[in-house]
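> Handing you this structure, nothing more for now.
No value in this document is a laboratory result; all are computed from the given coordinates. Not measured: the values here are computed from a predicted model. Because the Cβ atoms are built from the backbone with ideal geometry, glycine has one as well, and the counts that use them run over all protein chains shown.
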Amino acid sequence: MALKDSIAWYHFAAPKNFYPLAGKMIPWFWGLTIVLLLVGLYLSFFVAPTDYKQGESYRIIFIHVPAAWMSMLIYLVMATYAIIGLAWKVRLADMMASALAPTGAMFTFLALWTGAFWGKPTWGTYWVWDARLTSELILLFLYIGFISLQSAIDDPRRAAKASSLLAIVGVINLPIIYFSVQWWNTLHQGASVSPTMAPKMATIMLTAMLIMTVAFWMYTIAIVLMRVRRIILERERQTTWVMELLGDETVGEKDGRK
Amino acid sequence: MSEFFAMGGHGFYIWVSYGVTALFMITEVIAVIRGKRTVEKRLARLARTLSRSE
C-alpha cells in the first residue's frame, strides 16, 4: 500500500502526468464552487438574521473572514511547496507555488478591502494601523514580492530558488497575523471561531461562514489548477509531450475537427 | 426589493464589499483562461514552425 502510494506520488509529480490529471479535476472543483457559493450566499443574505449590535453590515464577514483565512492558508500551502521545491528539486512544486501566489494576493487584498468596508460602519474608520491590519498588509507585500521576484529573474530555476526563500522566510508573518489580536491590544476583535473555544456566534452565521470558506477553497483549487497548467506548458515547452499535444491541436484545427 | 438592497442603511458598504469580491474573482477566471489560450497559440505556432523546418 505504502509503496503503491509513493509510486502514484512520483507519477503525478511529473508535469507531463499532472497536466491531464489537473484538466480532469478542474470541472469538478468548479461545480463544487458554484453549488457552495449559491448555498453560502443564500444563507448569508436570506437565512442569517440581522445582528442585534451591528445591523446588516455584519453580513460582510461572510466574505471577509473566508477571504482572510484563505489569504493565510494559501500562503502556508505556497511556502510548503516552496520547501518541497527547494529541498527535493520537485519542479512541479515550484510551479504550484507560482500558481498559488496571485490568488493568495487577491484574497489578501479582498480581506483588507472587505475589512475596510466593514470597519467604516462598525468602527467609524476604514483603516487603523493596528497589529492585525498591519500584519495582513505585510502579507500582501510578501505575495507581491514573491510575484515580482519571479518576473524579475529570467532563469526559471533561479527565480524559483529566490522566491521560495522569500516565501519561507515570510512564514514568520502568519503566526503574527493569527495571534496579533491576542498579543497586542488591537481594534480588530478577537477570534470569532477558535479551535479551543465554543464559537461566540449563532450557529446559522457560523454555518454560512464555513460554507463560504469551503466555496473559496474550492475556487482556489480550480483556479490554481488552471493556472498551473499554463505554467507547465510554458516551462515544458521544449519537451516532446508538449510539442505533440499542441502539434495535434494544430492538426485538428487544419482539418476543421476542433 | 429596494429594502433588500438598502440593507438597513448599510447597503453601500455591503455591496461595495461583495461587488469588488465578485469582480476580482470573475476577472481572475477570465484572465487565467485568456492567458492559457495565448500560451497554447504561441506554442502551437512554434511547434508548427519546428515541424515545417524538419
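> Which angle between 0 and 90 degrees, to the nearest 10, do you get for helix B:11-53 versus the longest principal axis of chain B when only C-alpha atoms count?
Helix B:11-53 sits roughly 0 degrees off the main axis of chain B.
> Starting from the 7 Å offset along Cα-to-Cβ, what nm value, one decimal, do you get for the label separation of A:Asn17 and B:Ile33?
A separation of 3.1 nm, rounded to one decimal place.
> Shifting gears a bit: Quick one: check the C-alpha center-to-center distance for the stretch A:97-146 versus the stretch B:5-54, whole angstrom.
21
> OK, next. Using 7 Å Cα-to-Cβ label points, what is the A:Met25/B:Trp15 separation (nm, one decimal)?
Distance between label points: 3.9 nm.
> Taking every alpha carbon pair in chain B, what does the distance histogram look like in 10 angstrom bins from 0, in percent?
Once binned at 10 Å, the Cα pair distances of chain B give 20, 23, 18, 15, 11, 8, 4, 0.
> Mean separation of Cα pairs under 8 Å and 6+ residues apart, divided by the residue count of chain A: what relative contact order is that in percent? Mind dumping the intermediate values first?
Values: 273 pairs, mean separation 79.3, N = 258.
Here the relative contact order equals 31 percent.
> Which of the helices in chain A, when you take each full DSSP H run, stretch at least 20 Å along the axis at their Cα atoms and have an average Kyte-Doolittle score of -1.0 or higher? Kindly include the intermediate steps, with their values, before the conclusion.
On the way: long enough: A:15-42 (40 Å, 0.97); A:61-88 (39 Å, 1.74); A:91-123 (47 Å, 0.58); A:131-152 (31 Å, 1.33); A:156-170 (21 Å, 0.47); A:203-235 (47 Å, 1.39); A:240-255 (22 Å, -0.41).
Flagged H segments are A:15-42, A:61-88, A:91-123, A:131-152, A:156-170, A:203-235, A:240-255.
> Using the structure shown, select from A:Lys53/A:Lys120; A:Lys24/B:Lys36; A:Lys24/A:Lys89; A:Lys24/B:Lys41; A:Lys16/B:Lys41 the pairs with a Cα to Cα distance greater than 23 angstrom. Before the final figure, lay out each step's value.
Values: A:Lys53/A:Lys120 15 Å; A:Lys24/B:Lys36 16 Å; A:Lys24/A:Lys89 26 Å; A:Lys24/B:Lys41 21 Å; A:Lys16/B:Lys41 19 Å.
Violating the 23 Å limit, Cα to Cα: A:Lys24/A:Lys89.
> Now for a separate question. Mind ordering B:22-34, A:59-71 by average Cβ neighbours within 10 Å, highest first? Display every interim value, and only then the final one.
Values: B:22-34: 13.7, A:59-71: 24.5.
Those peptides, ordered most packed to least, come out A:59-71, B:22-34.
> Going by the alpha-carbon gyration tensor, a ≥ b ≥ c the square roots of its eigenvalues, is the protein assembly as shown rounded (a/c under 1.5) or, if a/c is not under 1.5, prolate (a/b greater than b/c) versus oblate?
Details: a/c = 2.21, a/b = 1.71, b/c = 1.29.
Here the protein assembly as shown falls in the prolate category.
> If you count, for every residue in A:53-66, the Cβ atoms of partner chains within 10 Å of its Cβ, what is the mean?
Going residue by residue through A:53-66 and averaging, the value is 4.
> If you count, for each residue, the other Cβ atoms within 10 Å and average over each peptide, how do A:134-147, A:8-21 line up from highest to lowest? Write down the numbers at each step before the final one.
Details: A:134-147: 19.4, A:8-21: 14.7.
Peptide ranking by packing, descending: A:134-147, A:8-21.
> From other protein chains only, count the Cβ atoms within 10 Å of every residue's Cβ in B:38-46, then give the mean.
Values: counts 1, 8, 8, 3, 4, 11, 10, 2, 6.
Shielding by partners across B:38-46 averages 6.
> Further question on the same structure: Per-residue Cβ counts within 10 Å, from other chains only, averaged over A:222-231: what number is that?
Numbers: counts 2, 6, 1, 1, 6, 5, 0, 4, 9, 3.
Rounded to a whole number, the mean comes out at 4.
> List every residue whose amide H lies under 5 Å from the amide H of A:Gly55, counting only residues 5 or more places away in sequence or on a different chain, with H placed 1.01 Å from N in the peptide plane.
Close amide H contacts, sequence-distant or interchain: none at all.
> So what is the 222 nm mean residue ellipticity for chain A from helices alone, if each DSSP H run of at least 4 adds -39500 (n - 2.57) and you divide by all residues, rounding to the nearest 500 deg cm²/dmol? Numbers along the way, then the final one.
Working: 9 runs with 198 residues, N = 258.
Result for chain A, helices only: -27000 deg cm²/dmol.
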